[in-house]
Structure formats: structure tokens, C-alpha cells
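Asks: Can you keep this structure in mind? I'll have questions shortly.
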Amino acid sequence: MAAAAILIVAAASAACGSSGGGAGGSSAPGTSAAAPSGSGSPANAATKAAISKAYATFFGTTATLAQSVGALQNGNRFVAAIKKESKNSYAAKSSAKVTSATLVSPHVAAVKFSISSGGQTLLKHSPGFAVEQNGTWKVAAKTFCGLLQLQGDAPNACSDPQVTALPH
């Protein structure tokens, strides 16, 4: 069950508004909020692999609902949104790849990620965040909410700073 492929398509369409293949270098508004202060350093290989796995699980095609929920910060608050987004035909063909991860605090990484569906890149090098929650790296709720807000269909959880805040 892919979590959010349709919102990516909607986000890419809304952000680009052009005809020509894919989203190219588009970024999703709301996902690039200022990172916590600090210069940041590239994530080590193990951390980047854990972040990449979370993004691949959350935006990919083979995850169960429980796995998708587990790959998202405070995912239990977004079950209905994940279910809704997973029902689109693009969800059956989506994948995500993290191209960079920079630690901005011990539990937050700024990431650049790309989303593809059926071999077509929908978002390329889009900014987002990953957070370490209970010892596991996850897609930041702030990133998911930014995509949902672009689509115009964000759940109430996206307005709750206790749900979407990046940890210190």
C-alpha cells in the first residue's frame, strides 16, 4: 500500500502547471521550512540508509498500511490520509529515492528526495525532512503535510504543531 503517490502527482501538477515531462526541479511548498539552526553535516552512511529506507517504504509500492504508518513521524495521526492517498493508480507504481541527507540536529535531517511513478520522475530533488523518533528514522510529518497542503487536502493533524514539529 503506497502512502502518497497521488498527492505527489497532484503536487507536481499544481506546482508546475506545465506540459512537458514530470516535475523536473519542482519542490513542494511547505516542505522546505527553515531547518533548525546549525551548519549541518552530511549524514553518515548508516543514517542515510535508514532515512532512505523510511522514504522508500512510505512512498513505495510494497509497504503495508502498518509499515507506511510506521515510516511517518506520528504516523498513527495520519492513517485516514495515508489510506486515501494509497487508493490512486499511481500508488501502485511509485517509488522514492533520497539523494542527500544532512543532519541539522541529532534527531533531524534535511533531505532531498525524488519521487517517481511508472518510471516518470514526478518530483526531483524536493526538499524535506526526516526525524528520528523512538530510535527510528522516519519521514517528517512536516514533509507529508507540505505535500498534502499543496494538494489542498491536509488533515487536521497537519495544523497541530505537536504532531508536525521537528524535534530538537
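The values are calculated or read from the model by the stated rules, or taken from the named source; none is laboratory data. Given the structure is predicted, the values throughout are model-derived calculations rather than measurements. As a convention, Cβ positions derive from the backbone with ideal geometry for all residues, glycine included, and neighbour counts pool all protein chains shown.
Asks: Can you work out which of the residues in segment 91-105 that are surrounded by fewer than 21 Cβ atoms within 10 Å (Cβ to Cβ), small (Gly, Ala, Ser) and not in a helix (DSSP H, G or I) is modelled with the lowest pLDDT?
Replies: The residue in question is 95.
Asks: Checking residue 117 against (1) at pLDDT 95 or above; (2) under 15 Å from the mean Cα position of the chain (by Cα): exactly one of these is not met. Which one?
Replies: Every condition holds for residue 117 apart from (1).
Asks: Sticking with this one: Having 1 or more residues that are over 15 Å from residue 51 (Cβ atoms) and small (Gly, Ala, Ser) is the bar; report the strands (runs of 3 or more DSSP E) wholly within segment 106-165 that clear it.
Replies: 108-117
Asks: Please state which one of 80, 71 is surrounded by fewer than 22 Cβ atoms within 10 Å (Cβ to Cβ) and of a type in the set (A, V, I, L, M).
Replies: 80
Asks: Here's a follow-up. Output yes when any residue across segment 74-86 is modelled with pLDDT of 95 or more and closer than 25 Å to residue 41 by Cβ, and no when none is.
Replies: No, there is no match, as no residue in segment 74-86 is modelled with pLDDT of 95 or more and closer than 25 Å to residue 41 by Cβ.
Asks: Further question on the same structure: Output the residues belonging to segment 100-154 that are without any contact (Cβ under 8 Å) to a residue 24 or more places away in the chain, within 18 Å of residue 46 (Cβ to Cβ) and of a type outside the set (Gly, Ala, Ser).
Replies: Of everything in segment 100-154, just one residue is without any contact (Cβ under 8 Å) to a residue 24 or more places away in the chain, within 18 Å of residue 46 (Cβ to Cβ) and of a type outside the set (Gly, Ala, Ser), namely 134.
Asks: With 57, 62 as the choices, which residue is free of Cβ contacts under 8 Å to residues at least 40 places away in the same chain, farther than 19 Å from residue 155 by Cβ, assigned to a helix (DSSP H, G or I) and β-branched (Val, Ile, Thr)? Can you show your working first?
Replies: On the way: 62 fails: assigned to a helix (DSSP H, G or I).
Of the residues listed, the single one that is free of Cβ contacts under 8 Å to residues at least 40 places away in the same chain, farther than 19 Å from residue 155 by Cβ, assigned to a helix (DSSP H, G or I) and β-branched (Val, Ile, Thr) is 57.
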